């Protein structure tokens with residue numbers, strides 16, 4: 001539009017991680033989101049330090065205690081310390097979110113590159129597969145899988161991966177197709193580069209950025225899927241703490257005390273908001289083209 | 001009367017690395033029924049100038065001084081978006097490098113050309129007749145039938161001619177043509193330029209023609225404005241600029257044109273150095289860092305020197321640089 | 001060095017499939033051309049969009065399959081080679097693409113870009129850092145450019161990086177597709193001078209593809225002018241320039257005029273559009289646009305005939321300095 005962006009030898013813009021972080025911090029929403037995320041992560045990492053109670057330790061005498069200095073969030077129907085359960089539940093949530101997102105990304109990238117760069121028939125086949133997978137509602141998929149394998153953390157992660165991969169692969173595929181005929185890829189072909197090298201060195205670095213940003217925005221969705229499945233008893237098996245199962249306990253015992261439901265719900269809200277704000281800021285700062293997705 | 005008068009125009013963009021002075025003290029006029037060419041290389045401020053005239057500067061940019069007077073009365077700087085839009089539709093029209101910017105791919109040519117005339121008060125049949133007439137003027141074969149076709153059914157050259165027809169349909173006072181022939185093949189370019197010249201005479205409008213191509217400017221324009229790094233370094237009628245250039249930049253630029261080298265040479269002239277960073281303009285003459293004639297006093301602010309007959313050059317040596325291009329060529 | 005040409009192209013045709021499952025057919029992008037390039041020689045392919053010049057270049061480089069003919073490089077046939085067998089050939093034949101910046105991988109540094117050929121061909125034992133410095137200095141870029149990214153380069157600088165990458169493995173032949181495309185006039189000369197200089201220092205052969213005949217004038221030894229996938233005129237650069245014999249060559253030459261307002265009227269205008277490859281005209285394929293067209297041109301295809309060093313495919317080759325007949329004459 002303006003020549004401010006097209007003047008002949010553009011100056012070397014400051015780069016580096018710190019500069020990028022400052023860009024995010026300059027946005028109020030981004031700084032807030034980052035703060036919430038850091039809070040949740042620290043809570044999960046230092047769960048053992050922050051709370052002296054075992055998350056699964058029963059204490060029948062201390063049932064339904066209100067919050068106090070001894071039990072910051074009170075106790076549940078079995079007398080377990082809710083603060084400790086929330087912190088440890090955060091571990092599970094973040095573990096599921098990060099591991100399954102990382103696996104989804106890896107699978108999505110590989111499949112997307114193959115579909116985008118490979119022969120036409122393979123692309124058509126893979127697209128058919130992705131669409132078929134995408135057309136399953138998440139809950140149905142989860143129910144079907146758990147019926148087969150029984151509830152487990154692995155089942156949650158497999159569901160998340162099955163839900164995420166088709167979308168990621170499609171994004172990578174579309175961009176790969178666009179780059180396939182670009183001059184720098186043709187130039188690499190003319191130099192004799194193998195397909196694997198072209199994909200790894202010339203295509204991947206140019207398609208991965210937007211996907212990572214989108215994936216970071218998907219993290220709250222993953223956390224919600226984990227909580228949701230655990231809520232329904234399809235995920236983490238008791239007594240392992242999970243925000244979903246705490247929430248479930250809270251609903252079952254809502255007549256006795258609201259604190260269990262609050263303890264289960266609040267961290268989900270905080271984490272979701274944190275990752276959403278952070279992801280949106282990352283997107284706006286690094287890739288304004290994705291705005292409105 | 002002059003159709004467009006630009007006085008001391010300054011445009012500044014705010015960027016992460018500080019303010020960028022994209023246009024500095026730009027002065028020139030577009031007289032009635034004349035074709036004025038703006039020539040310069042990338043980064044010279046051509047596009048910023050057009051955007052400033054059309055009120056389309058990017059959000060981080062603004063006019064910080066000067067005026068753009070249209071038809072002697074309206075100052076386009078600070079004009080409300082509504083008024084600007086009204087002017088753009090009827091009195092000022094534009095043609096760009098890519099004709100698809102002007103053509104809607106999903107509407108037929110006829111439909112689009114009728115839509116443009118929504119303010120004309122003509123009946124639908126009259127509007128269609130007018131559209132067909134315009135297509136004939138731009139030499140689209142079988143104009144009547146062409147109205148029902150879609151943009152993708154025309155070749156690149158035809159699309160650009162249709163865009164020109166649409167731009168001139170409302171008989172604007174000023175046509176701004178931004179590199180309209182750059183994307184076309186050289187042999188089509190000739191025909192398109194001739195067409196533009198013909199139409200300008202028929203309609204009696206003025207044209208502000210932006211190009212990096214010296215030959216095209218020489219062929220089409222009555223007057224020429226040479227820009228470098230956001231400044232007008234030289235302006236005057238086409239013969240003064242091409243036969244008697246007085247600014248060292250203009251002279252070097254003309255030398256560089258491969259078509260100007262009639263004898264075969266393995267060592268083509270170039271202008272060494274880079275365009276200055278517009279965030280940190282050199283003091284005085286903006287071409288000083290690359291100029292082989294520069295002396296100490298070139299670091300002082302340079303005024304435009306009047307060389308008679310409307311020929312101006314922003315160089316203190318302008319009066320002395322009188323040897324013609326032919327002599328320059330003989331000397332090298 | 002042997003006298004055998006480094007590259008021989010014999011009657012090469014390239015076809016593209018068109019249409020769907022039902023009305024499958026094919027169009028001829030390159031319709032049977034032959035050329036040879038000697039060691040150390042610069043050969044230019046000139047033509048406008050759709051002339052097939054880029055397709056031919058891609059075919060020579062093995063990026064495009066050919067349907068007829070033979071291509072030999074350095075004494076061995078290469079058009080039948082598998083992708084794997086072609087790899088060693090690519091060390092000796094480098095290609096430069098049109099877009100100076102767009103042909104560089106955007107996320108790689110200049111240093112990585114110019115040494116990518118070494119990595120692709122697994123050439124170990126060379127200090128890549130030293131190679132970067134050597135290559136950058138050969139193309140006249142400061143060594144600290146190695147850490148820059150393509151978007152931090154101007155068009156001319158990016159083009160130099162492209163040249164550095166092309167000469168990295170000491171090729172015997174460089175194919176340069178529009179080496180001056182997207183560059184300012186003042187930088188064009190720089191790039192052409194650089195190519196000339198490297199050619200002399202490294203003894204390269206070059207195939208330059210361009211639409212601008214004037215660019216060719218200063219770099220090429222021989223020229224082939226292409227129209228709709230065929231050569232209409234070939235010969236030494238001097239002869240073609242001094243007295244173009246094919247009307248299309250003459251039109252191309254006049255299409256990029258000297259920047260001289262008094263000479264501009266001598267252009268040869270070709271009002272009609274380039275015919276579609278789907279619908280090749282009968283007889284001489286240029287007759288639909290030729291100002292000198294005669295009756296037999298419409299029915300009989302001319303065969304290339306020798307005129308001096310040249311071969312010209314025209315029934316009525318032009319005498320030197322010929323002007324278009326009456327009705328096409330420009331009004332001065």
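The values are calculated or read from the model by the stated rules, or taken from the named source; none is laboratory data. This one's a predicted model, so the numbers in the text were calculated from it and none came from an experiment. No Cβ is skipped: glycine too gets one built from the backbone with ideal geometry, and neighbour counts run over all protein chains shown.
For region C:1-69, the strands (runs of 3 or more DSSP E) that sit wholly inside it and include 3 or more residues that are more than 13 Å from the chain's Cα centre (by Cα) and under 20 Å from residue C:227 (Cα atoms) are C:7-18, C:25-37. None of B:22, B:17, B:52, B:58 is at pLDDT below 90, within 14 Å of another protein chain (Cβ to nearest Cβ) and touching a strand residue (DSSP E or B) at 6+ places or on another chain (Cβ under 9 Å) except B:58. The residue that is modelled with the lowest pLDDT, counting only those in region B:270-288 that are within 14 Å of chain C (Cβ to nearest Cβ) and exposed (fewer than 15 other Cβ atoms within 10 Å of the Cβ), is B:273.
Would it be correct to say that residue B:120 is modelled with pLDDT of 90 or more and either over 21 Å from the mean Cα position of the chain (by Cα) or buried (at least 21 other Cβ atoms within 10 Å of the Cβ) (or both)? No, not satisfied. Being within 12 Å of chain C (Cβ to nearest Cβ), at pLDDT 90 or above and touching a strand residue (DSSP E or B) at 6+ places or on another chain (Cβ under 8 Å) is a property that holds for residue B:224. State yes or no: is residue C:206 farther than 23 Å from residue C:284 by Cβ, surrounded by 22 or more Cβ atoms within 10 Å (Cβ to Cβ), more than 9 Å from chain B (Cβ to nearest Cβ) and at pLDDT 90 or above? Yes, satisfied. Kindly check whether there is at least one residue in region A:257-268 that is modelled with pLDDT under 85 and out of contact with any helix residue (DSSP H, G or I) (no Cβ under 8 Å at 6 or more places or on another chain). Yes, region A:257-268 contains a residue that is modelled with pLDDT under 85 and out of contact with any helix residue (DSSP H, G or I) (no Cβ under 8 Å at 6 or more places or on another chain).
Here region B:197-208 is the region considered, the condition is being closer than 23 Å to residue B:155 by Cα and within 13 Å of chain C (Cβ to nearest Cβ), and the residue that is surrounded by the fewest Cβ atoms within 10 Å (Cβ to Cβ) is B:198. Residue A:94 fulfils the conditions (1) part of a helix (DSSP H, G or I); (2) farther than 18 Å from residue A:43 by Cα except for a single criterion, (2). When region B:246-269 is filtered for residues that are under 28 Å from residue B:29 (Cα atoms) and at the interface with chain C (Cβ under 10 Å from one of its Cβ atoms), the ones remaining, listed by number, are B:249, B:252, B:253, B:254, B:255, B:256, B:257. Among residues of region C:59-78 being away from chain A (no Cβ under 14 Å) and surrounded by 19 or more Cβ atoms within 10 Å (Cβ to Cβ), the one that is modelled with the lowest pLDDT is C:66.
Of the residues making up region B:227-245, just one is facing chain C (nearest Cβ under 7 Å) and in contact with a helix residue (DSSP H, G or I) (Cβ under 6 Å, 6 or more places away or on another chain), namely B:242. Looking at region A:236-243, is at least one residue crowded, with 19+ Cβ neighbours inside 10 Å and part of a helix (DSSP H, G or I)? Checked against the condition, which is being crowded, with 19+ Cβ neighbours inside 10 Å and part of a helix (DSSP H, G or I), region A:236-243 yields at least one hit. Only one of the numbered conditions (1) within 19 Å of residue A:133 (Cα to Cα); (2) buried (at least 18 other Cβ atoms within 10 Å of the Cβ) is violated by residue A:174, and that is (2). Selection of region C:77-93 for residues being free of Cβ contacts under 8 Å to residues at least 40 places away in the same chain and farther than 19 Å from residue C:14 by Cβ yields C:84, C:85, C:87, C:88, C:90.
Here residue A:252 qualifies as more than 14 Å from every other protein chain (Cβ to nearest Cβ) and either more than 19 Å from the chain's Cα centre (by Cα) or touching a residue at least 24 places away in the same chain (Cβ under 8 Å) (or both).
Take region A:203-218 and flag every residue that is modelled with pLDDT of 90 or more and either crowded, with 23+ Cβ neighbours inside 10 Å or farther than 30 Å from residue C:96 by Cβ (or both). If the condition is that a residue be modelled with pLDDT of 90 or more and either crowded, with 23+ Cβ neighbours inside 10 Å or farther than 30 Å from residue C:96 by Cβ (or both), then A:203 is the only one that fits.
Checked against the criterion of being surrounded by 20 or more Cβ atoms within 10 Å (Cβ to Cβ), away from every other protein chain (no Cβ under 14 Å) and over 25 Å from the mean Cα position of the chain (by Cα), the candidates B:151, B:172 yield just one match: B:151.
Being within 14 Å of chain C (Cβ to nearest Cβ), within 19 Å of the chain's Cα centre (by Cα) and closer than 22 Å to residue B:220 by Cβ is a property that does not hold for residue B:3. May I ask you to verify whether residue C:163 is closer than 24 Å to residue B:42 by Cβ, away from every other protein chain (no Cβ under 11 Å) and surrounded by 22 or more Cβ atoms within 10 Å (Cβ to Cβ)? Here the answer is yes, as residue C:163 does meet what is asked.
Each row is one residue, and each column tells you yes or no for (1) touching a residue at least 60 places away in the same chain (Cβ under 8 Å); (2) in a helix (DSSP H, G or I); (3) farther than 27 Å from residue B:243 by Cβ; (4) touching a strand residue (DSSP E or B) at 6+ places or on another chain (Cβ under 8 Å).
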site: B:170; (1), (2), (3), (4): yes, no, yes, yes
site: B:180; (1), (2), (3), (4): yes, no, no, yes
site: B:183; (1), (2), (3), (4): yes, no, yes, no
site: B:188; (1), (2), (3), (4): no, yes, yes, no
site: B:195; (1), (2), (3), (4): no, yes, no, no
site: B:202; (1), (2), (3), (4): yes, yes, yes, no
site: B:207; (1), (2), (3), (4): yes, no, no, yes
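Of everything in region C:279-324, what is under 28 Å from residue B:194 (Cβ atoms) and either outside any loop (DSSP other than H, G, I, E, B) or within 14 Å of chain B (Cβ to nearest Cβ) (or both)? Give them in sequence order. Within region C:279-324, C:279, C:286, C:288, C:289, C:290, C:291, C:297, C:298, C:312, C:324 meet the criteria. Of everything in region A:169-184 that is assigned to a helix (DSSP H, G or I) and either at the interface with chain C (Cβ under 8 Å from one of its Cβ atoms) or in contact with a strand residue (DSSP E or B) (Cβ under 7 Å, 6 or more places away or on another chain) (or both), the residue that is farthest from residue C:104 (Cα to Cα) is A:183.
Looking across C:225, C:240, one residue alone is crowded, with 24+ Cβ neighbours inside 10 Å, part of a helix (DSSP H, G or I), in contact (Cβ under 8 Å) with a residue 60 or more places away in the chain and more than 8 Å from chain B (Cβ to nearest Cβ). It is C:240.
Being closer than 15 Å to residue C:92 by Cβ, touching a helix residue (DSSP H, G or I) at 6+ places or on another chain (Cβ under 8 Å) and assigned to a helix (DSSP H, G or I) is the filter here; which residues of region C:163-201 pass it? Result: C:165, single match. Residue selection: residue A:262 satisfies the criterion of being out of contact with any strand residue (DSSP E or B) (no Cβ under 6 Å at 6 or more places or on another chain) and surrounded by fewer than 23 Cβ atoms within 10 Å (Cβ to Cβ). For residue A:123, the conditions (1) buried (at least 20 other Cβ atoms within 10 Å of the Cβ); (2) touching a helix residue (DSSP H, G or I) at 6+ places or on another chain (Cβ under 6 Å); (3) part of a helix (DSSP H, G or I) all hold with the exception of (1).
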